[in-house]
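Colleague: My questions will all concern the structure given below.
Since every read-out is calculated from the coordinates, none of them should be taken as a lab result. Keep in mind it's a predicted model, so treat the numbers as computed, not measured. When we count neighbours, we look across all protein chains shown, and the Cβ atoms used for this are built from the backbone with ideal geometry, even at glycine.
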């Protein structure tokens, strides 16, 4: 009886430790995502709201909003294949690539191609990410979106990137002010 109680106590302690580590991983992952995008959209005439709630403790969902030196606003949305910790790790790598390339490269299709090439170089589990990128020059209107890992991208009206008819639960919505 005593050994069963010890085994149960050990099992409970291990579960608690894992839950604690997953909570820390969740905080780190959500910290990777942009928390304040106001500087990225300042003066662009765009209004953007973001919110992400992983289905599990951690996930492969991602988004980024960047402002480049030439004034473009780059919006990237993505979802890594799989769930849990592997998807979260792949998401972190993808976010690093998106941030680096999104500031260096002008065209969304080139950002997506380079992210794809870099992810394919060292990918022992053959994971993938569905990635949507759009670059907008506020004074000139919108540029066509580019996608990776999905069928042909949809075209959106110039004033709306992603419409949202219901209160924002998950994801990102963008619209032009005024």
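Colleague: Going by average Cβ density within 10 Å per residue, which order do the peptides 103-116, 17-30, 41-54, 70-83 take, highest to lowest?
Modeller: 70-83, 103-116, 41-54, 17-30
Colleague: For a Förster distance of 25 Å, can you work out the FRET efficiency between the beta-carbons of residue 68 and residue 47, rounded to the nearest 0.05?
Modeller: With a Förster radius of 25 Å, E is 0.85.
Colleague: Follow-up. If each residue of separation counts as 0.36 nm, what is the full-extension length gain between residue 123 and residue 56 once their alpha-carbon separation is subtracted?
Modeller: Roughly 21.8 nm would be gained on extension.
Colleague: I've got another one for you. On full extension of the chain, what length is gained from residue 130 through residue 3, given 0.36 nm per residue of separation minus the C-alpha to C-alpha distance?
Modeller: Numbers: separation 127, 0.36 × 127 = 45.72 nm, distance 4.92 nm.
Result for the pair: 40.8 nm of gain on full extension.
Colleague: A follow-up question, please. Using 0.36 nm times the number of residues separating residue 12 and residue 96, minus their current alpha carbon distance, what extension gain do you get?
Modeller: Extending this stretch completely gives an extra 26.6 nm.
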